[in-house]
Amino acid sequence: MANNLSQDPHRVRDGAEKVLEVAIGREVRSFRRQQGITVADLANLTGLSIGMLSKIENGNTSPSLTTLQLLANALSVPITSFFRRFEESREAVHTKSGEGAETERAGTRAGHQYQLLGHLGANASGVMVEPYMITLTEESDVFPTFQHDGVEMLYMLEGEVDYRHGDKVFSLKPGDTLFFDADAPHGPEGLVKLPARYLSIISYPQSS
């Protein structure tokens, strides 16, 4: 049975006017948590009600400049810091078919071709994501001992591979997905049908 998702992937904003409120709310919550302050503590420091603070942090109300000044003073931050996320640019990378940059990763020593499909630097999510197209041919070696930070998802496009993760081996065929903790030793242990191609999407915290 599938678990319920914590986020609605089809959620949309309730109009453009809400974007600024959401950005401010996220910053208020972030600064409060960084300083180990509860909502009740912040209410005592500012004189605002817990209900009002909850609405602000959830982006459900537009706080006045007076309210923002109270919050800035209580959190010891410039009032302009609440607008940081609203002013940040949001990037997108479009890589056309066949134009992904071939890149050097640990796997290249095993004859694995890595094609980087896009890359974003530091971003508001706090997460780094590396999407690769990996191709295995007759020249590729098995190499089931990769280890790195984060989590990884594989999506098999072509061919067949026996893929090891820790003490388990999974038979991957076109359309199969494998999602795993990348800290455990992993990699292709058996090249069953070549050429083999699969998407590899690695994600890890920006601080790593």
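Accessible surface ranking for R197, R32, R164, R84, 1.4 angstrom probe, highest first: R84, R197, R164, R32.
Note on S203: accessible area is roughly 30 Å² with a 1.4 Å probe, heavy atoms of protein only.
The values are calculated or read from the model by the stated rules, or taken from the named source; none is laboratory data. Keep in mind it's a predicted model, so treat the numbers as computed, not measured. Surface accessibility is based on the protein's heavy atoms, side chains included, excluding ligands, DNA and RNA. Shrake-Rupley method; radii C 1.70, N 1.55, O 1.52, S 1.80 Å.
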